[in-house]
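The values are calculated or read from the model by the stated rules, or taken from the named source; none is laboratory data. None of these values were measured; they are calculated from a predicted model. No Cβ is skipped: glycine too gets one built from the backbone with ideal geometry, and neighbour counts run over all protein chains shown.
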Amino acid sequence: MRRQPDHKAKVVFMGSSGVGKTSIILRHNGREFSTEVTPTLGANFVHSTIMTQTSKRVELEIWDTAGSEKFACMMPMYLRRSRGAFLVFDVADRQTFTDILKWYGELERACNVAELSLVLVGNKIDLEHRRIVDEMEGRTFAEERNMMYIETSALQDRRIGEMMHTMANQLISRYESRHLSSQSKVEDTVVMTPPTTERENKCNCTNNV
Ligand SMILES: Nc1nc2c(ncn2[C@@H]2O[C@H](COP(=O)(O)OP(=O)(O)O)[C@@H](O)[C@H]2O)c(=O)[nH]1
Ligand SMILES: [Mg+2]
């Protein structure tokens, strides 16, 4: 019989359009890299079970924005009940790094950031010759906001697994410290919202990217 997860958590991807969020998720999901990524995954989330360094099974419900990063009004709904967030920028595009402040602000508006596991992700490190944001700058920014930091390449499949493990390790240690005295094993059951259709995703607010 399949072992039940020790912990389940919703995690979201945030970051400006084009930084590689969908590519990272597809890569993690075992798909080949494609230069022509459709803006949606067909569904808004995928499930992935990660074994942590303490041999705990953490089931992640990984949400892609499905294009909704273009609409500020989608964010509160998207972030609802999330336990963790990956904030992604493109190391070869400074504007996407500057935009991280805006995404962080969205998180602060919608959630209690102190309770979230946050990972800042500098993607596209294969574009080393075009790199604008160096590792030290990214790392310092992350440390100042209590986030972990990792650099990845979805194109070359570099450190994608490690970024998921970083998140899972952080989630389980937070979960265990919250429930130190409790007997319950799986508490944060995620409400499975059916995927929204493209049409339902449209809203009337201004495009914020
Ligand atoms: N060179 C390079 N290109 C990437 C990488 N990740 C994604 N891309 C490309 O960047 C573009 C945008 O990717 P996408 O996953 O749609 O970004 P999203 O809008 O953040 O979901 C696509 O053309 C991808 O092929 C990477 O690690 N390196
Ligand atoms: Mg996308």
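Observations on the model:
- Residue in region 47-66 that is farthest from ligand 2 (Cβ to nearest atom), counting only those that are surrounded by fewer than 17 Cβ atoms within 10 Å (Cβ to Cβ) and within 21 Å of ARG27 (Cβ to Cβ): MET51
- Helices (runs of 4 or more DSSP H) enclosed by region 1-112 - at least 2 residues per element that are farther than 15 Å from MET163 by Cα and at pLDDT 90 or above: 94-110
- Number of the exception - ALA110 against (1) more than 16 Å from ligand 2 (Cβ to nearest atom); (2) within 21 Å of GLY20 (Cβ to Cβ); (3) surrounded by 15 or more Cβ atoms within 10 Å (Cβ to Cβ): (2)
- Candidate set: region 113-138, residues that are assigned to a strand (DSSP E or B) and touching a Gly at 6+ places or on another chain (Cβ under 6 Å); chosen: the one surrounded by the fewest Cβ atoms within 10 Å (Cβ to Cβ): SER117
- Restricting SER181, SER177 to residues that are part of a helix (DSSP H, G or I), modelled with pLDDT under 95 and surrounded by fewer than 18 Cβ atoms within 10 Å (Cβ to Cβ) narrows the list to SER177.
- You will find that of ALA85, ALA142, the residue that is more than 15 Å from PHE13 (Cα to Cα) and in contact with a strand residue (DSSP E or B) (Cβ under 8 Å, 6 or more places away or on another chain) is ALA142 and no other.
- Index of the failed condition, MET136 passing every other in (1) free of Cβ contacts under 8 Å to residues at least 24 places away in the same chain; (2) closer than 20 Å to GLY20 by Cβ: (2)
- Selected residue [away from ligand 1 (no atom under 15 Å from the Cβ) and β-branched (Val, Ile, Thr)] from ILE50, ILE132: ILE50
- Residue satisfying all of: in region 91-105; surrounded by 13 or more Cβ atoms within 10 Å (Cβ to Cβ) and more than 16 Å from ligand 2 (Cβ to nearest atom); nearest to ARG130 (Cα to Cα) among these: ALA92
- Matching residues in region 67-90 - criterion: being within 13 Å of ligand 1 (Cβ to nearest atom) and surrounded by 21 or more Cβ atoms within 10 Å (Cβ to Cβ): SER68, GLU69, PHE86, LEU87, VAL88, PHE89, ASP90
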